[in-house]
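The values are calculated or read from the model by the stated rules, or taken from the named source; none is laboratory data. Just so it is clear, the structure is predicted and the values come from calculations on it, not from any experiment. Here the Cβ positions follow ideal geometry from the backbone for every residue, glycine too, while neighbour counts run over all protein chains shown.
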Amino acid sequence: MSSPPKSKVAWFTTFWVTIGVVLILFALVLAWCFRVPNGARGAKYLAINNGKQLYTALFCYARDHDGIYPNEQTAMAEFGESGDTAEACFTQLLNAGVIDDEEAFWSKKNIVLGTVSAETPDNDGTLTAGENAWGYVRGLTSEDSTDTPILFDNSMVAGEFSNRVWEGKALVARLNGSVLMMDISPADKPVGLVLEERDGSRVNIFKNLPEGAVILVPGLE
């Protein structure tokens, strides 16, 4: 039986080598597109994603509770527990089944403030001080202005934000679903306020909240 011509063998070899190279390059491109960022950029990316998860959980909770977000009344009515801390309000989300991973509340970057421990949450269904990096504006409903902030990190005192965590920025989620890194002013001091332009002036977005709203900061570890 005669062997195939050398030119045909060479063509098949070149063809399959080319296909192999293309597949390898394609795999590298996919890996780059879906890579998990590293370092500070990765921590920021993760924190924003966690904020979106928490906002979605709050939205689902309010949808199932006549537009009311977790507060002290809902905590007492449903579980006979106080809702006087951010952790107690967030525990209602876990109990309601709208979120099931406590690590969404934790952020390694906030260890520097003492609001979270170095250990990740234990996922026991109850959020406690040291497991939560997020502050919460209690007392809101879905009828409130959509630019009202409801979640924030990077804070130890109500309405004040540290410049140490995100280098002059704070992570804020609003009732409209936006989850953004916002500038802290002044940026050259240890702490500052989150301001934005409104009608030609810079306004503290945590001032003039709806009546009955209370700013709860994370409990200290």
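So which residues in the stretch 62-73 are surrounded by fewer than 21 Cβ atoms within 10 Å (Cβ to Cβ) and farther than 19 Å from Gly177 by Cβ, if there are any at all?
Across the stretch 62-73, the qualifying residues are Asp66, Glu72, Gln73.
Against the conditions (1) farther than 16 Å from Ala47 by Cα; (2) part of a helix (DSSP H, G or I), where does Ala104 fall short? Just the number, please.
Every listed condition holds for Ala104 apart from (1).
For the stretch 161-180, which positions are closer than 23 Å to Tyr69 by Cα and part of a strand (DSSP E or B)? Spell out the reasoning first.
Looking only at the stretch 161-180, we keep the residues that are closer than 23 Å to Tyr69 by Cα, and these are 170-180.
Scanning the stretch 161-180 gives Ala170, Leu171, Val172, Ala173, Arg174, Val179, Leu180.
Residues Ser142, Ser201, Ser155: which one is of a type outside the set (A, V, I, L, M) and at pLDDT 95 or above? Explain how you work it out, then say what you get.
Numbers: Ser201 fails: at pLDDT 95 or above; Ser155 fails: at pLDDT 95 or above.
Exactly one residue qualifies, and that residue is Ser142.
Please find, within the stretch 207-221, the residue that is nearest to the chain's Cα centre (by Cα) out of those that are in a loop (DSSP other than H, G, I, E, B) and surrounded by fewer than 17 Cβ atoms within 10 Å (Cβ to Cβ). Explain how you work it out, then say what you get.
Pass one, the stretch 207-221, residues in a loop (DSSP other than H, G, I, E, B): 207-213, 217-221.
Keeping just the survivors that are surrounded by fewer than 17 Cβ atoms within 10 Å (Cβ to Cβ) gives 207-208, 210-212, 220.
Working: Lys207: 22, Asn208: 24, Pro210: 23, Glu211: 26, Gly212: 25, Leu220: 19 Å.
Once the filter is applied, the top-ranked residue is Leu220.
So Asp124 ticks every box in (1) surrounded by 14 or more Cβ atoms within 10 Å (Cβ to Cβ); (2) without any contact (Cβ under 8 Å) to a residue 40 or more places away in the chain; (3) closer than 14 Å to Phe105 by Cα; (4) not aromatic (Phe, Trp, Tyr) but one. Which box is left unticked?
(1)
Filtering the stretch 76-116 down to residues that are over 16 Å from Thr128 (Cβ atoms) and among the small types (Gly, Ala, Ser), which residue is surrounded by the fewest Cβ atoms within 10 Å (Cβ to Cβ)?
Going through the qualifying residues, I end up with Gly80.
How many of the residues making up the stretch 57-101 are in a helix (DSSP H, G or I), in contact (Cβ under 8 Å) with a residue 60 or more places away in the chain, touching a strand residue (DSSP E or B) at 6+ places or on another chain (Cβ under 8 Å) and not hydrophobic (A, V, I, L, M, F, W, C)?
Final tally of qualifying residues: 1.
Only residues that are assigned to a strand (DSSP E or B), out of contact with any Phe, Trp or Tyr (no Cβ under 8 Å at 6 or more places or on another chain), over 22 Å from Ala57 (Cβ atoms) and touching a residue at least 12 places away in the same chain (Cβ under 8 Å): list them for the stretch 181-206, please. It would help to see each step written out before you state the result.
Of the residues in the stretch 181-206, the ones assigned to a strand (DSSP E or B) are 181-185, 191-198, 201-204.
Subsequent filtering for residues that are out of contact with any Phe, Trp or Tyr (no Cβ under 8 Å at 6 or more places or on another chain) retains 182-183, 185, 195-198, 201-204.
Add one more test, that the residue is over 22 Å from Ala57 (Cβ atoms), and what stays is 183, 185, 195-198, 201-204.
Matches in the stretch 181-206: Asp183, Ser185, Leu195, Glu196, Arg202, Asn204.
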